[in-house]
Amino acid sequence: MKIKPLGERVLVEPLTEGEVKKGGIIIPDSAKEKPQEGKVIAVGTGKLDENGKKIPFNVKKGDIVLMPKYGGTEVKVDGKEYQIMREDDILAVIG
């Protein structure tokens, strides 16, 4: 991986829905909603409290998470799209 998040940031790969919906209708990319689920690819170095102690992450590499539709920063690496966001922006861990 060429991207290493810093601080309390997390790198998430959005999970895309299938191209074909029920009834065989193909949804074009322009009409699709942004995915709200993603897989954690990497976590940053961590957040520090006021005493300088590291606060452990609530998510780890490989977790499937629920993220806001519009949040984080979109980046593209080797043709794949990712989101970099603060751990606080992640809504929930799925499963």
| request: Past 23 Å, Cα to Cα, is the threshold; run K47/K80; K54/K76; K39/K76; K2/K69; K47/K76; K54/K80 against it and keep the listed order. | output: K47/K80; K54/K76; K2/K69; K47/K76; K54/K80
| Cα-based equivalent ellipsoid of segment 34-95: semi-axis lengths in Å, sorted from largest, via gyration tensor | 22, 14, 11
| message | How would I64, I84 line up from fewest to most surrounding beta-carbon atoms within 10 angstrom? | response | I64, I84
| Hey, with R₀ at 22 Å, roughly what FRET efficiency would E74 and T45 work out to, going by the Cβ-Cβ distance, to 0.05? | 0.50
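Read-outs throughout are calculated quantities, based only on the coordinates presented, and are distinct from any laboratory measurement. For clarity, every value in this text was computed on a predicted model and none was experimentally measured. Don't worry about glycine lacking a Cβ; one is built from the backbone with ideal geometry, like all the others, and counts go over all protein chains shown.
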